[in-house]
Amino acid sequence: MVKQTMDPPTAASDVAAAADPARVPVDAVRSISILGATGSIGASTLDLVGRDPDAFEIVALTAQTNAEQLAALAVKHRARFAAIGDESCYAALKAALSGSGIRIGAGASALEEAATEPADCTMAAIIGAAGLRPTFAAVRQGRRLALANKECLVSAGAVFMAEVVRRGAELLPVDSEHSAAFQALAGATPETIERIVLTASGGPFRSWTKAQLADVKPEQALKHPNWSMGAKITIDSATMMNKGLELIEAYHLFPVEKHQLGAVVHPQSIVHCLVSYRDGSVLAQLSCPDMRTPIALALAWPTRMAAPVERLDLAKIGTLTFEAVDEDRFPALRIAREALDRGDAAPAVMNAANEIGVAAFLQRRIGFLDIAKLVSCVIEEADRAGLMRPLASLEDVLAVDAEARRLAESEFGLAKLASFRL
Ligand code: NAD
Ligand code: MG
């Protein structure tokens, strides 16, 4: 079902493959590694598999800095290998796991090692472009990859999908909208699909004016109305950059052209995606907003496993509403669409600038509306600097990502915004 190249569009057989259980190489996921085990997606995944310890075996777990939490999870779930990204946390991890028999590692190479340990499925749940190297390492194993790390597809898009195809990896989306699209697309051939529309909750500031948005504080933006998630994606949801990242993600995952992708605000977060077909049918997937549902699908596909989530009671909910996205108040979505249209390095530059902007906002260095401003400034400067070139390899992607981060921190980025505010 995956898109192999940006041009020409995906062959019909790719979509058909997704609907044909006989072509799914993994009979049943028994062993799992989790990259980003201490995060929100990591916790939801471990919650699911921890309910049936006889059915699942945990191979490797990773975290960046929280050695104590990583060690506790590794012991609880009897992992074979625990890797901490930040080398300065090695001693703490070693102390916490001494005598446990669990192998440990530290640094970037240990994260890649965790991704290459033989496992039926790797859950890629590191946040941001920091997940690129370990997630690529997992793809190279040619097994099932449950992909939560959307920034990987945004930054590396075509390079990543080419690697998936080359290695014969089985890519299952974890993002709820993409999991929904994957299900609503089962059995479809590309020429029958008219449109894929991702829903967006609209975040906590859906009805706020621009003047109100200018004063948003991190603690307000960190309160998402429907989903409980890590800090970065929660801020992305508040700016609606998350939906922009997801449009780019959907473009690489599904056999549609850019103009066939859209977004609609749906504050209840019950309908996750709408796929329209040429006969006028619209297929949607509905569920209560709980990431354990799409995670369960990614682990169990082509079958389904039990998930202890709230059951959907539409009579109780009563009303589902939909409204257009206001790109004037939420310019991040427009910026992302333009980056998608532009292609080449534009999405990677945008993603890197956004990561710097979100971190700066959380550190109270810039305001809420400055995040999108920063992204625009960096894209403009990257253009002038000749950075918007085609990307042919992971190394290319990493080089552009690093350069865009440097620009975001420079006099063209955060320093420029600071001078605007004086
Ligand atoms: P999180 O911040 O809760 O957890 C991130 C994990 O990555 C942690 O285990 C952390 O230790 C690790 N990590 C952080 N920085 C790292 C670095 N530099 N190198 C290596 N590891 C690092 O994030 P999350 O909310 O679980 O999101 C994970 C991914 O899933 C993101 O790409 C996000 O967009 C995507 N996603 C999340 C949700 C959700 O509900 N949380 C929904 C859809 C998609
Ligand atoms: Mg999503």
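Read-outs: derived from the displayed coordinates by stated rules, not from any lab. None of these values were measured; they are calculated from a predicted model. Every residue, glycine as well, gets a Cβ built from its backbone with ideal geometry; the counts of neighbours run over all protein chains shown.
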Can you give the FRET efficiency for residue 258 and residue 286, using 1/(1 + (r/R0)^6), R0 = 35 Å, r = Cβ-Cβ distance, to the nearest 0.05? 0.85
Relative contact order computed over the range 343-419 (Cα-Cα under 8 Å; 6+ residues apart), in percent: 43 percent
Can you return the lysines within cross-link range of residue 232? Criterion is Cα-Cα under 19 Å, with same-chain partners fewer than 8 residues away left out. 150, 217, 223, 243, 373
The range 142-208: C-alpha gyration tensor shape, a/c 1.5 cut-off, then a/b vs b/c: oblate
Mean ellipticity per residue at 222 nm, deg cm²/dmol - from DSSP H runs of n ≥ 4 across the chain, formula -39500 (n - 2.57): -13500 deg cm²/dmol
Run the reach check for residue 76 against aspartates and glutamates, Cα to Cα strictly under 14 Å, same-chain hits fewer than 8 apart removed. What comes back? 47, 52, 54, 57, 68
May I ask you to list the trypsin sites (Lys or Arg not before Pro) in the range 196-250 that are in a DSSP loop and have at most 11 other Cβ atoms within 10 Å of their Cβ? 223
Going highest first, how would you order 196-204, 280-288, 106-114, 33-41 by mean Cβ packing within 10 Å? 33-41, 196-204, 106-114, 280-288
Quick one: putting +1 on the C-beta of Lys and Arg, -1 on the C-beta of Asp and Glu, what dipole do you get for the range 298-422 around its Cα centre, in Debye to the nearest 20? 380 debye
Would you mind calculating the gained length between residue 314 and residue 65 on full extension (0.36 nm times residue separation, minus the Cα-Cα distance), in nm to one decimal? 85.5 nm
Contact order normalised by length for the range 303-391, with contacts defined as Cα pairs under 8 Å and 6 or more residues apart; what percent is it? 27 percent
Can you list the residues, at least 5 places off or on another chain, whose amide H is less than 5 Å from the amide H of residue 57, using H built in the peptide plane? 31, 32
Evaluate the relative contact order of the chain (contact order divided by residue number), counting alpha-carbon pairs under 8 angstrom at least 6 apart; express in whole percent. 16 percent
Stretchable slack from residue 54 to residue 100, in nm (0.36 nm times residue separation minus alpha-carbon distance): 14.6 nm
Can you give the three extents of the C-alpha atoms in the chain along their principal axes, from longest to shortest, in whole Å? 56, 56, 46
For the range 221-229, Karplus couplings with θ = phi - 60° (6.51, -1.76, 1.60), whole Hz, Gly/Pro x: 5, 7, 9, 7, x, 10, 10, 9, 9
Spacing of the two label points (7 Å from each Cα toward its C-beta) at residue 219 and residue 194, in nm: 4.8 nm
Candidates per trypsin sites (Lys or Arg not before Pro) in the range 318-415, loop by DSSP, up to 15 other Cβ within 10 Å: 364, 365
Tell me, 189, 293, 122, 321 in order of fewest to most beta-carbon neighbours within 10 Å? 321, 189, 293, 122
In the range 253-332, what GluC sites (Glu not before Pro) fall in a loop by DSSP, with at most 15 other Cβ atoms inside 10 Å? 257, 310, 327
Which FRET efficiency, nearest 0.05, do residue 384 and residue 231 yield, Cβ-Cβ r, R0 30 Å? 0.40
